Amino acid sequence: MWSPDSTRVVFAADRDGPQDLFVKRVADGAPEQPLYRSSVPFKGPSSWSSDGHWIVVTQLDPSTSQNVWLLPAAGKSEMTPLVRTPARDKGGPPSPDGRWLAYVSEDTGRYELYLQSFPEPGRRVPVSQGGASSQQGAALAWWTHDGRQLLFLGGDMSSLWRADVEPGDTLRIGTPRRIATFPPNIMWMDATPDRQRFLAITPERTGPGSLTIVQNWRAALRQIGR
């Protein structure tokens, strides 16, 4: 995930066993620096707040499935829970004014998009009505720069929706409207900073996959060793 000023990238790597978080500056050849380490095997960054102070992390917790955590970008303290339910929850982008977090939760039986107060947990407001999508532990949702619209990929992974937002203390969400349809079988998507174009990864080919069974493979390895 890019920092708001585009000078750094935060990413997860399991080079030492559990996934840990690292920060890399992009303007020089300096090596990446550890940001956060723990024994939890699976965790990754979902977004970076617009003020640069917070990194939203999705973590797989043993007792409650996936949860959303908050990590200071300075990396000098522990993470704190932000969204924790019995269902799977995945983090998304905070609003430009830093008061609301977009995330997806599966507590209705399918992923739906919600807004919750940020950086302190509290009030939750539903956004999507027919499902929402996520990939790699992050909600596929994007705020416009003025914070008055929220774009998100539908649960079918091919429809793009837009919801009008009235920010402030009394947050109001308009009924989402479908504004575009993408090719099927999208594997991942992101929006350009101006929210006018989208970059999507689609499979090179579609259809059923294949499974190959190799018998006596240990004997073949012994022959190669000779």
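Read the figures in this text as sums done on the coordinates, not as results from a lab. In this text, all values refer to a predicted model and were calculated from it rather than measured experimentally. Positions of Cβ are generated from backbone atoms using ideal geometry, with glycine treated the same way; all protein chains shown enter the neighbour counts.
Which order do the peptides 178-187, 157-166 take when ranked by the mean count of other beta-carbon atoms within 10 Å per residue, highest first?
Top of the packing list down: 157-166, 178-187.
With θ taken as phi - 60° and the coefficients 6.51, -1.76 and 1.60, list the Karplus ³J(HN,Hα) couplings across region 87-101 in order, rounded to whole Hz; mark glycine and proline as x.
8, 7, 10, 10, x, x, x, x, 5, x, 7, x, 10, 9, 10
Once every DSSP H run of n ≥ 4 in the chain is given -39500 (n - 2.57) and the sum is divided by its residues, what mean residue ellipticity at 222 nm do you get, rounded to the nearest 500 deg cm²/dmol? Walk me through the numbers before you get to the answer.
Working: 1 runs with 9 residues, N = 226.
Only helices count here, giving -1000 deg cm²/dmol.
Can you tell me the order of 27-33, 59-65 when each peptide is scored by its average per-residue count of other Cβ atoms within 10 angstrom, highest first?
The packing order, highest mean first, is 59-65, 27-33.
What size of dipole, in debye to the nearest 20, comes out for the chain about its Cα centre when the only charges are +1 on Lys and Arg C-beta atoms and -1 on Asp and Glu C-beta atoms?
Numbers: 25 positive and 23 negative charges, 144 e Å.
Using only the charged Cβ atoms, the result is roughly 700 debye.
Using Cα positions and a limit of under 15 Å, work out the aspartates and glutamates in reach of K76, with same-chain residues fewer than 8 apart set aside.
Leaving aside aspartates and glutamates fewer than 8 places away in the same chain, those within reach of K76 are D20.
Using packing as a proxy for protection, rank 76-82, 40-46 so that the peptide with the highest average count of other Cβ atoms within 10 Å comes first.
Those peptides, ordered most packed to least, come out 40-46, 76-82.
Lys and Arg at +1, Asp and Glu at -1: add these up for the other residues within a Cβ distance under 14 Å of A73 and post the number.
+1
Given q = 0.14, 0.16 Å⁻¹, what are the Debye log10 I(q)/I(0) values for the chain, with equal point scatterers placed on the Cα positions and solvent ignored?
Those come out to -0.90, -1.13, one per q.
Rounded to two decimal places and with Rh computed the Kirkwood way over Cα pairs, what is Rg over Rh for region 134-226?
Ratio of gyration radius to Kirkwood radius for region 134-226: 1.31.
Taking θ = phi - 60°, what integer Hz values does the Karplus form 6.51 cos²θ - 1.76 cosθ + 1.60 yield along region 168-173, in sequence order, with x for Gly and Pro?
x, 5, 9, 5, 10, 10
Among F152, F11, what is the fewest-to-most ranking by other Cβ atoms within 10 Å?
The fewest-first ordering by Cβ neighbours comes to F11, F152.
Non-local amide H neighbours of S128 (under 5 Å, H modeled in plane, Pro and chain starts lacking H): which ones?
Under 5 Å from the amide H of S128: L113.
Quick one: net charge around S49, please, counting Lys, Arg +1 and Asp, Glu -1 for every other residue with C-beta under 11 Å from its C-beta.
Numbers: positive: R99; negative: D51, D97.
Here the count lands on -1.
Just to be sure I understand the model, the point goes 7 Å from the Cα along the line to the Cβ. What's the resulting R218 to Q196 distance in nm?
Inter-label distance under the simple model: 6.2 nm.
Once the Cβ-Cβ distance between R123 and D28 is put in as r, and R0 is 45 Å, what FRET efficiency do you end up with, to the nearest 0.05?
0.60
Using a Förster radius of 22 Å, what is the FRET efficiency between W2 and E78 based on their Cβ-Cβ separation? Nearest 0.05, please.
0.40
Taking square-rooted eigenvalues a ≥ b ≥ c of the alpha carbon gyration tensor, is region 1-113 rounded, prolate or oblate, where a/c under 1.5 means rounded and, failing that, a/b exceeding b/c means prolate?
oblate
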